[in-house]
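Throughout, read-outs are computed from the coordinates displayed, never taken from laboratory work. This one's a predicted model, so the numbers in the text were calculated from it and none came from an experiment. No Cβ is skipped: glycine too gets one built from the backbone with ideal geometry, and neighbour counts run over all protein chains shown.
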Amino acid sequence: MSSYIVEAIKNGIFETLQMTFFASLLSYVIGLPLGILLYSTSKGRILSNRPLNLIFGLIVNICRSLPFLILLVLLIPFTRFVTGSSIGTTASIVPLTVGAVPIVARMVESSLSEVSPGIIEAAVSMGASPIYIIVHFILPEATPSLLFGAAINISTVLGYSAMAGVIGGGGLGAIALQYGYYRYQKDVLWTTVTLLIIMVMTIQEGGNMIAKKARK
Amino acid sequence: MTEVFRLDRVSKKYINDGREFLALKDVSLSISEGEIFGIIGMSGAGKSTLVRTLNRLEDVTSGTISFYGQDLGSLNARDVRKVRRNIAMIFQSFNLLQQRSVLSNVMQPLRIAGVRGNERKEKALEMLRVVGLEDKKDEYPSRLSGGQRQRVAIARALASEPKVLLCDEATSALDPKMTSEILDLLKDINRTRKLTIVIITHEMSVVEKICDRVAIIDSGMLAEAGEVKSIFADPQSEAARKLVFPSNPFDPSEKDSRLIRLVFDGLSAGRPFIAELVEKTGHKVNILSANTRSVGGIGYGQMVLELPKGEEEQIIGFFKDRGLSVQEVKHSEQLHS
């Protein structure tokens, strides 16, 4: 491999990590509250509200059913509006976030649903308000499960970030596509793929370890 | 005596998949301050629903429930939360926060009530001392035994200085030794802190051991209520008899023989009546079931006998002369009592 490609790969690793980090962070900033809403407004839960639950559920389901590649293209005008450009690392963060939010929301909803109804009943019997119950009972109890979910979500975002290479996003995905696929440089292709695998595994296993440690 | 709860013709209807189910029918009850009140019934009888109406975890369909004279049904959400701080509850599955330490669990109700940090900790430690678990304050619930977890739950319940403690099958998940320890603790708390306790259970032994009065719930209806001692000595309803008397008697040897039930009170349980009967009269009776228990330190017992043909009147006379209460029992009643 020539030295400029090695340099590009080094740069790609950094870009991939950058995209993954910011997109994951932003998707949790939006997805966590959305997941809490999906959970608490569903039938039989503490803020049960059928119309609201249906609306949120519908939005999430529509976003989830769009293939990520289509979402990337559809979002180009929006991305340009937000970041001023539709190509590059920063621009990729926008579609990555939009794509990950519904997944995060569903994952959060499922983690919260695992909390034993008995604990919530105990909280209600103590005279706690719904908000208090969410913050001090449901979220702490669901923390290990939320962390397991986060490990899956972050590795998914990392995988998606490679796809962003198709429409001009940066990172390892773009390198694999441009040098490895379009220019038939098999060594570049395999190097980048191997690096992606290592990164996903590190995130997944590291996340699992943290989650296990958090479980009392 | 001050009345803590008054239930007036309380009914609760559930609608499940379009089908109605009446969980409580016209239940009227009164629970007084300082007593340990038992609510007993078979599973599915409606006792868990009943206890949940007391802190409005369940709303009633009709009827009223008042707590110290205040109609619970008339309160808005905020006021209900305030009232609930006076009505603590413990559960069969303990319902402790698994991700929080013992101390932090006990502090929860204080935090909800808005007690400041330092005071919160001190109060929680005091409650852990009451239940004898101060040394476990930094442990997590998963590392405690069932009995210890229930103790933590009791400490948590007591922390906010409630007026009433509701126990929903609180000992049903525990072994007999731990059950006994928890019941002793509850009795002790009742006496020292003048705390009114309402106990939901399906086990007669729990009622015998600590309750002052008991209500028997059968398919959503109040079958019988009164002093534990009098219900044990002389149960009036079918549901009460089922709970008081053993459930697996022998079948009578003949279909048309007469059966009697002897009930002993504290005095007569000490005398060997059957031996005397056989020795003095030579009549041989068949014991179908027999059971003795101690209620509040006094021995109670009952025995169902099948009488030999032709000698029924002499045998009944023999027991009556000795001051025993003798009741005729129908074969059908014996079989499923």
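Calculated mean residue ellipticity at 222 nm for chain B: -10000 deg cm²/dmol, from DSSP H runs with n ≥ 4 weighted as -39500 (n - 2.57), summed, divided by the residue count and rounded to 500.
Within the same chain, lysines fewer than 8 places from B:LYS280 are excluded, and of the rest, those with a Cα less than 26 Å from its Cα are B:LYS309, B:LYS320. When the alpha carbon gyration tensor of region A:53-118 is reduced to an equivalent ellipsoid, the three semi-axes, largest first, read 29, 12, 9 Å. Peptide packing: for B:157-166, A:95-104, A:68-77, the average count of neighbouring Cβ atoms within 10 Å per residue gives the ranking A:95-104, B:157-166, A:68-77, highest mean first. Counts of other chain beta carbons within 10 angstrom of each beta carbon in peptide B:88-100 average 6. Per residue of peptide A:131-142, the mean number of Cβ atoms on other chains within 10 Å of the residue Cβ is 2. Calculated on the Cα set of region B:1-143, radius of gyration then Dmax: 18.0, 52 Å.
The residues B:ILE217, A:ILE210, when put in order of fewest to most other Cβ atoms within 10 Å, stand as A:ILE210, B:ILE217. Within straight-line reach of A:LYS213, meaning a Cα separation under 21 Å, sit the following lysines at least 8 residues removed in sequence or on another chain: B:LYS136, B:LYS137. Remark: B:ARG111, A:ARG64, B:ARG143 ranked as B:ARG143, A:ARG64, B:ARG111, counting other beta-carbon atoms within 10 Å and listing the fewest first. Given bins 5 angstrom wide, list per bin the percent of all Cα-Cα distances in chain A, short to long. Percent of pairs per bin, in order: 1, 7, 13, 16, 16, 14, 11, 8, 6, 4, 2, 1, 0, 0.
Considering only A:PHE137, B:PHE318, B:TYR14, and ranking their Cα positions along the charge dipole of the protein assembly as shown that arises from unit charges at the beta-carbon of Lys, Arg, Asp and Glu, the one farthest toward the positive end is A:PHE137. Expressed as a whole percent, the proportion of Cα-Cα pairs in the protein assembly as shown lying more than 30 Å apart is 64%. In this label model, B:MET1 and A:ILE30 are separated by 6.2 nm, measuring between points 7 Å along each Cα→Cβ vector.
The residue among A:VAL73, A:MET201, A:LEU189 whose Cα reaches farthest toward the positive pole of the charge dipole of chain A, with charges on the beta-carbon of Lys, Arg, Asp and Glu, is A:VAL73.
Considering every alpha-carbon pair of region A:105-192, the percent of pairs per 10 Å bin, from zero through the bin containing the longest distance, is 16, 28, 17, 16, 13, 8, 2.
Summarising the label geometry, the points placed 7 Å from Cα in the beta-carbon direction at A:THR83 and A:LEU54 lie 3.7 nm from one another.
If one puts a single equal scatterer on every Cα of region B:3-238 and applies the Debye formula without solvent, what log₁₀ I(q)/I(0) results at q = 0.10 Å⁻¹? Rounded to two decimals, the profile gives -0.47.
The number of Lys pairs in region B:1-117 with C-alpha atoms less than 23 Å apart, excluding pairs fewer than 8 positions apart on the same chain, is 5. Cα centroids of region B:154-187 and region A:20-93: 46 Å apart. Each of A:CYS63, B:CYS211 was scored by other Cβ atoms within 10 Å of its Cβ. Listed from fewest to most, they are A:CYS63, B:CYS211. Rounded to the nearest 5, the antiparallel percentage of DSSP beta bridges internal to the protein assembly as shown is 70%.
The protection proxy used here, the mean number of other Cβ atoms lying within 10 Å of each residue, ranks peptides B:6-17, A:162-173 as follows, highest first: A:162-173, B:6-17. Restricting the GluC sites (Glu not before Pro) of region A:108-216 to loop positions (DSSP other than H, G, I, E, B) with no more than 13 neighbouring Cβ atoms within 10 Å leaves A:GLU114.
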